[in-house]
Amino acid sequence: MCATPKVSLVLPESGTSPPIQGLQALLLQERESFLRFLRARGAGDAAEDILQDTWLRLATAQTSPVAEPRNYLFRALNNVMHDRYRSAQRARRRDGEWIEINTNDAEASDAPLPDRALAAREALAQAEAVLRAEGERVLDIFRLFRIEGLGQRAIAEHLGLSLSTVEKDLQKAYRALIRLKETQDAE
């Protein structure tokens with residue numbers, strides 16, 4: 001059998017606050033039996049926390065005299081235990097739904113719809129044909145700049161061209177793509 005650490009409630013120094021009476025005093029006196037009660041109902045390691053929560057609720061509650069204080073405390077402990085259980089259930093359900101929603105969104109956004117994929121391939125083929133019509137060098141410079149991410153100066157050095165030639169070929173590529181877009185929009 002594993003020994004559970006004893007956690008005692010820290011009480012204020014005498015003289016600084018009124019003495020503990022009533023339900024709180026009974027909660028301290030019967031602490032072990034209340035902990036056994038909670039553990040028997042499945043509270044496990046949370047029994048101490050439930051006892052502490054009940055203590056705090058009693059400290060702030062305005063209660064009238066209770067005919068059966070021990071039974072009242074058993075009921076209060078049981079209610080706090082159920083509140084914690086329901087709260088944990090709601091949190092698990094909320095977290096599960098959040099994960100499910102985000103997982104489905106991620107899967108949906110990663111896989112394009114077949115008709116969109118076909119349209120994208122067709123648009124890419126049209127753009128490549130338009131750029132190739134401007135010349136193979138224009139297509140290569142555009143590809144290096146926009147797809148490979150090389151800078152204009154690096155492209156000029158790589159292809160053995162002047163920076164001005166690279167800039168002019170990029171302008172040709174952009175003008176050709178703008179004409180293609182205008183044609184598609186008109187259709």
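Give me the residue from segment 121-144 that is surrounded by fewer than 16 Cβ atoms within 10 Å (Cβ to Cβ) and among the small types (Gly, Ala, Ser) and, out of that set, nearest to ILE155 (Cα to Cα).
That would be GLY135.
I need the full set of residues from segment 19-72 which are part of a loop (DSSP other than H, G, I, E, B) and either in contact (Cβ under 8 Å) with a residue 40 or more places away in the chain or not aliphatic (A, V, I, L, M) (or both), in order please.
Within segment 19-72, PRO19, GLN21, GLU30, ARG41, GLY42, GLN62, THR63, SER64, PRO65, VAL66, GLU68 qualify.
Within segment 162-185, does at least one residue satisfy the condition of being in a loop (DSSP other than H, G, I, E, B) and either in contact with a helix residue (DSSP H, G or I) (Cβ under 9 Å, 6 or more places away or on another chain) or more than 30 Å from ALA119 (Cβ to Cβ) (or both)?
Yes, that holds for at least one residue.
Somewhere in segment 61-82, is a residue exposed (fewer than 13 other Cβ atoms within 10 Å of the Cβ), β-branched (Val, Ile, Thr) and more than 15 Å from ARG39 (Cα to Cα)?
Yes - at least one qualifying residue is present in segment 61-82.
Just to check your reading of the model, which residue among LEU144, LEU150, LEU177 is closer than 18 Å to ALA129 by Cβ, at pLDDT below 95, in contact with a Leu (Cβ under 9 Å, 6 or more places away or on another chain) and in the same structural domain as VAL130 (by TED's automatic domain parsing)?
Step by step, each of LEU144, LEU150, LEU177 is checked, and only LEU177 is closer than 18 Å to ALA129 by Cβ, at pLDDT below 95, in contact with a Leu (Cβ under 9 Å, 6 or more places away or on another chain) and in the same structural domain as VAL130 (by TED's automatic domain parsing).
Condition test on ARG86, is it of a type in the set (Lys, Arg), exposed (fewer than 15 other Cβ atoms within 10 Å of the Cβ), under 28 Å from the mean Cα position of the chain (by Cα) and modelled with pLDDT of 90 or more?
Yes; evaluated as a whole, the condition is true for this residue.
The values are calculated or read from the model by the stated rules, or taken from the named source; none is laboratory data. Being a predicted model, the structure only gives us computed values, none of them experimental. Don't worry about glycine lacking a Cβ; one is built from the backbone with ideal geometry, like all the others, and counts go over all protein chains shown.
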